[in-house]
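Worksheet: the structure to be examined is printed underneath.
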Amino acid sequence: MNREMLVTALRKDLEPWDIVVIGGGATGLGAALEAVTRGYRTLLLEQVDFAKSTSSKSTKLVHGGVRYLAQGDVSLVREASVERGLLAANAPHLVRNLAFVIPTFNFWENLKYTIGLKMYDWLAGRLSLGKSEHISRSETLQRLSTLKEDKLAGGVLYHDGQFDDSRLAINLVQTISDKGGTALNYMRVTSLRKDGEGKISGLTVRDTLNGGEDIYINTQAVINATGVFADDILEMDNPQAPKSIAASQGVHVVLDSEFLPGHNALMIPSTSDGRVLFVVPWHNKVVVGTTDTPVNHISLEPRALENEISFILSTAGQYLSRPPQRADVRSVWAGLRPLAAAKAEGHKTKEISRSHKIIVAKSGLITIIGGKWTTYRRMAEDVVHKLEEVLRWKETTTATTHLKIHGATNNVNWEDPWYFYGSDALHIHQMVARQPDLQEELSREYHIIKAQVVWAVKEEMARNVEDFLARRTRLLFLDAKEAIRIAPAVARIMAAELHKDEHWVATQISSFEAEANGYLLK
């Protein structure tokens, strides 16, 4: 996981890779892990930081897809329910069982949601996380103590999974490394090279952290797993390539835990735009979302629109005894979903395919789009299988179905603020024992100490302040003001580890503040 050594080795490496994966989000990381565990010499390249885009901005749910059931997509629910169970077993330090309550206001709602969720249980089979059931009005209020009592008839309880998206991404990078693969952040692919028959034979990459020097890479196969940026690579391959992505923006706001204390989530099954809204406890805060807004402009750091923020706050306010106000929002973020574009115009984004789609170009470029975190492993299995088929390679079998992810440990103490490190927590404690000065607190409220910054640089490939505050810890997503406050201290610790000067420190602080301001409600 030493980036500088890996880049030096890559510059000298003329031997063709078996598979190069472009994209370091859920889909790309899954594909690279799938490839390396099948015995392929595998390289993954991410243009910025791992999970910087969509893959760090989910609702933090590993779910079968209750809303897909309402749309009648039974096969997608079945697939997601199975994968949810496998992920809970493979990354037990990151995935937990979470109870959800749907409040009901009359007999027919009780009946409808109880029957629907019994089917949800049935589709999950033995991988179900728990039985759904109708619960009384008093138990509903016991589980959701801040729910409005007016006209409440009862509730329906069901179970789904919750996880930490960007922490899973970092653990997948470490697993790829553990298995002999190479994964690098801040590596932007600038062109594809082809042989005399028009087949992809290599690519040119720019190391954006170190002077932007080009690196030439030889490869037998390329998987384009760049999510909302998939069309950029498709156009690099063929300027006439049709658009494959229909991007949809999802926004979340974060509130203090007093808005929904305890360990039960609220699911609002039918909002004014016909979607569902979740109010979910996460890292001792409450995440509320999400929206579904079609967007034409695709960027690395999309911003929440005023009408999306208002929609979330007003919808939550219809159900919570204390309606949240703008002043209560600790952080707000927006992510773009890479949905497989519908052939016909006029589809709402919630009706465009949530399932994944694989595109094979004449050059041999394999592109995978759509999908979601819950099914990342199955998507990876499908795309490597398709690659073998297209390139007429000998078919291999998946080795990831029961593969433990780096950090996996049982008997997780969810009250421990460092639970997400899994088995790595012990190594950080040992580092502190050797260097007691690393015990110094940076944020008391969020239990962040110096040692975590050093660990992130040495073992998790964090190279910018934002990498640490947004994705190695989740502070930017939990409390943007506190993230801005400790950014200077983080920058100085990182500078010492990376041998950077004061100019680097100043640049890091100002660029992080500019980005973090977009997570604050003014």
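Condition first: of a type in the set (A, V, I, L, M, F, W, C), free of Cβ contacts under 8 Å to residues at least 60 places away in the same chain and within 15 Å of Leu94 (Cα to Cα). Now tell me which residues in segment 402-454 satisfy that. Give the steps one after another, and end with the answer.
Step one: filter segment 402-454 for residues of a type in the set (A, V, I, L, M, F, W, C), giving 403, 405, 408, 412, 414, 418, 420, 425-426, 428, 431-433, 438, 442, 448-449, 451, 453-454.
After this cut, where a residue has to be free of Cβ contacts under 8 Å to residues at least 60 places away in the same chain as well, the list is 418, 425-426, 428, 431-433, 438, 442, 448-449, 451, 453-454.
The answer is Trp418, Ala425.
The number of residues in segment 212-227 being assigned to a strand (DSSP E or B) and in contact with a Pro (Cβ under 6 Å, 6 or more places away or on another chain) comes to 2. When Ser363, Ser299 are checked against the criterion of being at pLDDT below 95, surrounded by fewer than 20 Cβ atoms within 10 Å (Cβ to Cβ) and polar (S, T, N, Q), a single residue qualifies: Ser299. Only one entry of Gly85, Gly125, Gly116 meets the criterion of being modelled with pLDDT under 95, outside the structural domain of Arg474 (by TED's automatic domain parsing) and at positive phi, and that entry is Gly125. Of all the residues in segment 403-448, those that are within 25 Å of the chain's Cα centre (by Cα) and assigned to a strand (DSSP E or B) number 2. Remark: pairs (first residue in segment 137-153, within 11 Å of Pro103 (Cβ to Cβ) and touching a residue at least 24 places away in the same chain (Cβ under 8 Å); second residue among the acidic types (Asp, Glu) and buried (at least 17 other Cβ atoms within 10 Å of the Cβ); Cβ separation under 8 Å; 6+ apart in sequence or on different chains) = Ala153/Glu109.
Going through segment 209-228 one residue at a time, which ones are of a type in the set (S, T, N, Q) and either modelled with pLDDT of 95 or more or buried (at least 24 other Cβ atoms within 10 Å of the Cβ) (or both)?
Initially, segment 209-228 is screened for residues of a type in the set (S, T, N, Q), giving 210, 218-220, 224, 226.
Correct list: Asn218, Thr219, Gln220, Asn224, Thr226.
Screening Ala26, Ala51 for residues that are touching a Lys or Arg at 6+ places or on another chain (Cβ under 8 Å) and on the phi > 0 side of the Ramachandran plot leaves exactly one candidate, Ala51. Against the criterion of being surrounded by 13 or more Cβ atoms within 10 Å (Cβ to Cβ), assigned to a loop (DSSP other than H, G, I, E, B) and among the aliphatic types (A, V, I, L, M), Ala451 does not qualify. Taking segment 217-270 as the range and being aromatic (Phe, Trp, Tyr) and in contact with a Lys or Arg (Cβ under 8 Å, 6 or more places away or on another chain) as the test, only Phe259 passes. Listed by position, the helices (runs of 4 or more DSSP H) inside segment 94-211 whose residues that are aromatic (Phe, Trp, Tyr) number at least 1 are 107-124.
Taking residues in segment 361-372 that are farther than 10 Å from Ala230 by Cβ, and partners anywhere that are part of a loop (DSSP other than H, G, I, E, B) and modelled with pLDDT under 90, the pairs with Cβ atoms closer than 8 Å and at least 6 places apart or on different chains are Gly371/Arg354; Gly371/Ser355; Gly371/His356; Lys372/Arg354. Here is the figure for segment 228-266: residues that are closer than 30 Å to Pro324 by Cβ and part of a helix (DSSP H, G or I) total 4.
Quick check on segment 263-282. Is at least one of its residues surrounded by 14 or more Cβ atoms within 10 Å (Cβ to Cβ), of a type in the set (A, V, I, L, M, F, W, C) and more than 18 Å from Phe100 (Cβ to Cβ)? There is no residue in segment 263-282 that is surrounded by 14 or more Cβ atoms within 10 Å (Cβ to Cβ), of a type in the set (A, V, I, L, M, F, W, C) and more than 18 Å from Phe100 (Cβ to Cβ). Scan segment 487-501 and give yes if some residue there is surrounded by 15 or more Cβ atoms within 10 Å (Cβ to Cβ), over 24 Å from Pro417 (Cα atoms), among the aliphatic types (A, V, I, L, M) and out of contact with any His (no Cβ under 6 Å at 6 or more places or on another chain), otherwise no. Yes - at least one qualifying residue is present in segment 487-501.
The requirement of being outside any helix (DSSP H, G or I), over 24 Å from the mean Cα position of the chain (by Cα) and at pLDDT below 95 is fulfilled nowhere in segment 275-290; no residue meets it.
The values are calculated or read from the model by the stated rules, or taken from the named source; none is laboratory data. These figures come from a predicted structure and were not determined experimentally. Here the Cβ is made from the backbone with ideal geometry for all residues, glycine too, and neighbour counts use every protein chain on show.
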